[in-house]
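A.B. asks: For reference, the structure I am asking about is given below.
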Amino acid sequence: MTRPSTLTEDLPTGARATTAPAWEMSYRSLPQVLHSAVQGYGASAPELLAYNEPLGERLTVPAPLADDQAALAQFFSGNTPLPGHEPLAMAYAGHQFGGFVPRLGDGRAMLLGEAATPDGARFDVQLKGSGTTPYSRRGDGRAALGPVLREYVVAEAMAALGIPTTRALAAVTTGDPVLREGVLPGAILTRVASSHLRVGTFQFAAQCGDEVLEALVDYALQRHPLDTSVDGPPALRLLTAVVDRQADLVAQWMGVGFIHGVMNTDNCTISGETIDYGPCAFMDQYDPAQVFSSIDHMGRYAFSNQPPIAHWNMAVLAQALLPLLDADEERGLQMAQDAVNTFPERFEKAYLRVFCSKLGLPGVGSEDAQLIADFLDLLEAAGADFTTGFRSLANGLESPEPLQTSLGAEAVGWHARWLERLGATEKTALSTKLRAANPTIIPRNHRVEAMIAAAVDGDFSLFHALNAALATPFADPEPGTEAERLAQPPRSDEVVHATFCGT
Ligand code: AMP
Ligand code: MG
């Protein structure tokens with residue numbers, strides 16, 4: 001199945017337009033019950049912290065905005081929407097930690113517009129932290145600086161790792177305080193997504209009747225075109241595609257040791273992009289049972305639980321789409337089940353592809369699952385760092401010694417099996433292949449926390465240094481550089497054990 005154009009891919013050269021196509025607002029054409037007109041709250045003194053220029057260029061941020069820092073700060077705080085583009089907040093529902101909440105929605109986010117790019121794709125440009133909406137419930141509609149910078153850094157790191165994700169276009173401080181565990185500086189993130197359609201959007205629409213649900217399905221299929229080879233009614237084709245994209249996405253998370261932290265159905269996209277970087281984390285030491293989120297008391301969203309949870313989320317999507325599958329309820333249910341039941345197989349396939357590539361293997365062989373599992377067992381038993389453990393394979397081709405030093409005597413036997421499986425592949429080419437599949441740098445929790453602490457004190461140097469280092473995750477950083485320092489696993493006293501949502 002073809003993946004729709006995503007922001008993780010680079011813009012083909014020569015595709016940049018000289019004249020900016022106007023942004024659109026197609027979401028407004030959907031039934032009124034799915035959205036509400038909103039306005040920014042009026043940030044008092046917006047200042048631009050970061051602007052992702054290459055992404056802005058791709059999205060053709062309306063000129064002459066793009067060259068004017070103060071105008072950008074006003075625009076990305078929601079104070080000056082584009083003429084004729086009344087911002088909107090989207091309605092959605094969702095299962096949060098397994099419990100159904102019928103009405104969630106953008107409680108602190110608003111869509112500024114949809115950028116139709118020169119290469120024919122369309123992306124939502126959304127502000128997060130721009131004020132209350134009809135969906136705010138008891139929330140203040142604001143965002144604090146820390147979580148905004150965390151999302152900026154981690155989303156951009158994900159994109160650089162080649163993993164489908166929403167992107168960060170800009171971050172501003174508002175000049176206004178927000179009240180959390182104390183008084184914190186307020187900020188607004190500009191998030192870009194191939195759409196903000198979530199499983200929860202369909203759960204919401206399902207409560208509004210078949211007509212609304214059908215309109216949403218049609219819209220989703222327009223935003224995320226499918227391979228025409230898939231048969232069946234539109235809702236089934238959509239479901240099948242989403243099952244495939246989510247299986248693929250979660251496999252890619254596993255390949256970099258990423259723990260999302262809040263895989264609620266309202267944080268699960270139809271596009272297959274990672275969304276909502278709250279209490280997420282990248283693992284340091286490999287432990288499949290690892291949980292970071294301070295709000296995840298039951299370990300529902302632990303590292304190794306992510307595939308079954310994504311599968312569960314797909315069953316929720318199927319349930320929402322059920323009325324559109326078949327006039328005969330029995331038959332509809334069977335279609336839904338059949339589609340959802342393909343998740344484990346699709347995930348397994350994607351997982352093997354990801355990890356075979358991390359081991360440098362030529363394709364996927366019948367005994368590779370065992371070889372992968374055994375290497376992960378070695379990492380776990382040795383308490384080794386996930387990222388450096390895999391990266392060290394590129395230096396372990398000539399002799400088992402480096403692996404033996406870091407993973408113990410048992411690594412020698414594994415090394416022999418690995419070399420045998422690799423066959424007579426030329427070592428230099430193999431080393432290059434391994435380097436391209438195993439990053440040196442991920443957004444380490446202790447670095448992200450330190451970056452946030454410094455930023456709250458007014459020092460943004462670490463924010464910029466982290467962003468810069470994470471932009472080339474597969475490169476070997478020069479010895480002695482800041483990038484090399486930022487890539488290193490935490491010392492035992494630096495390990496971060498829990499991440500806080502900090503909304
Ligand atoms: P999240 O945990 O960010 O995925 O958000 C879950 C729900 O809570 C969504 O409906 C958000 O819009 C809403 N929400 C989170 N933080 C706030 C806030 N500060 N003000 C209003 N709504 C919020
Ligand atoms: Mg969310």
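A.B. asks: The conditions are (1) within 11 Å of ligand 1 (Cβ to nearest atom); (2) in a loop (DSSP other than H, G, I, E, B); (3) over 20 Å from Leu34 (Cα atoms); (4) not hydroxyl-bearing (Ser, Thr, Tyr), and Arg103 fails exactly one of them. Which is it?
C.D. replies: (3)
A.B. asks: Hey, another quick one. For Asp227, work out the one condition from (1) of a type outside the set (Ser, Thr, Tyr); (2) at pLDDT below 95; (3) touching a Gly at 6+ places or on another chain (Cβ under 9 Å) it doesn't fulfil.
C.D. replies: (3)
A.B. asks: Return the total of residues in the range 52-77 being crowded, with 17+ Cβ neighbours inside 10 Å and under 22 Å from the mean Cα position of the chain (by Cα).
C.D. replies: 6
A.B. asks: Mind listing whichever residues of the range 235-269 are within 16 Å of ligand 1 (Cβ to nearest atom), under 20 Å from Arg223 (Cα atoms) and hydrophobic (A, V, I, L, M, F, W, C)? Break it down into steps so the answer makes sense when it comes.
C.D. replies: We begin by selecting, within the range 235-269, every residue within 16 Å of ligand 1 (Cβ to nearest atom); these are 259-269.
If we keep only those that are under 20 Å from Arg223 (Cα atoms) as well, we get 265-269.
Hit for the range 235-269 is Cys268, nothing else.
A.B. asks: Another question, if that's okay. Where in the range 401-442 are there helices (runs of 4 or more DSSP H), lying wholly inside it, with at least 1 residues that are without any contact (Cβ under 8 Å) to a residue 12 or more places away in the chain, under 21 Å from Gly255 (Cβ atoms) and of a type outside the set (D, E, K, R)? Before the answer, list the steps.
C.D. replies: On the way: elements: 401-407, 410-422, 427-437.
Passing ranges, in order: 427-437.
A.B. asks: Examine the range 18-30 for a residue that is modelled with pLDDT of 90 or more and in a loop (DSSP other than H, G, I, E, B), and state whether such a residue exists.
C.D. replies: Yes, because at least one residue in the range 18-30 is modelled with pLDDT of 90 or more and in a loop (DSSP other than H, G, I, E, B).
A.B. asks: Could you say whether any residue in the range 217-227 is in contact with a strand residue (DSSP E or B) (Cβ under 8 Å, 6 or more places away or on another chain) and within 16 Å of ligand 1 (Cβ to nearest atom)?
C.D. replies: no
A.B. asks: Mind listing whichever residues of the range 86-100 are in contact (Cβ under 8 Å) with a residue 60 or more places away in the chain and crowded, with 17+ Cβ neighbours inside 10 Å?
C.D. replies: The answer is Leu88, Met90, Ala91, Tyr92, Ala93, Gly94, His95.
A.B. asks: Yes or no: the range 285-293 includes at least one residue that is at pLDDT below 95, within 16 Å of ligand 1 (Cβ to nearest atom) and not β-branched (Val, Ile, Thr).
C.D. replies: Scanning the range 285-293 turns up at least one residue that is at pLDDT below 95, within 16 Å of ligand 1 (Cβ to nearest atom) and not β-branched (Val, Ile, Thr).
A.B. asks: Considering only residues that are of a type in the set (Ser, Thr, Tyr) and within 16 Å of ligand 2 (Cβ to nearest atom), look in the range 191-211 and name the one that is farthest from Phe100 (Cα to Cα). Can you show your working first?
C.D. replies: To start, the set of residues in the range 191-211 that are of a type in the set (Ser, Thr, Tyr) comprises 194-195, 201.
Pick out the ones that are also within 16 Å of ligand 2 (Cβ to nearest atom) and you get 195, 201.
Numbers: Ser195: 23, Thr201: 13 Å.
It comes out as Ser195.
A.B. asks: Assuming Pro308 fulfils every condition listed in (1) part of a helix (DSSP H, G or I); (2) in contact (Cβ under 8 Å) with a residue 40 or more places away in the chain; (3) away from ligand 1 (no atom under 13 Å from the Cβ) apart from one, which condition is it?
C.D. replies: That leaves (2) as the condition not met.
A.B. asks: Please find, within the range 473-487, the residue that is farthest from ligand 1 (Cβ to nearest atom) out of those that are in contact (Cβ under 8 Å) with a residue 12 or more places away in the chain and in a loop (DSSP other than H, G, I, E, B).
C.D. replies: Result: Asp476.
A.B. asks: Counting only residues that are crowded, with 16+ Cβ neighbours inside 10 Å, touching a Cys at 6+ places or on another chain (Cβ under 9 Å) and either modelled with pLDDT under 95 or closer than 15 Å to Asp248 by Cβ (or both), how many does the range 339-373 have?
C.D. replies: Adding up the residues that qualify gives 0.
A.B. asks: A further question on this structure: Checking the structure you have, find out if any residue of the range 179-187 is outside any strand (DSSP E or B), under 21 Å from the mean Cα position of the chain (by Cα) and at pLDDT 95 or above.
C.D. replies: No: the range 179-187 contains no residue that is outside any strand (DSSP E or B), under 21 Å from the mean Cα position of the chain (by Cα) and at pLDDT 95 or above.
A.B. asks: Could you tell me how many of the residues in the range 120-178 are more than 14 Å from ligand 1 (Cβ to nearest atom), among the polar types (S, T, N, Q) and crowded, with 24+ Cβ neighbours inside 10 Å?
C.D. replies: Looking only at that region, the number is 1.
The values are calculated or read from the model by the stated rules, or taken from the named source; none is laboratory data. Predicted model only: the values in this text are computed from it and were never measured. No Cβ is skipped: glycine too gets one built from the backbone with ideal geometry, and neighbour counts run over all protein chains shown.
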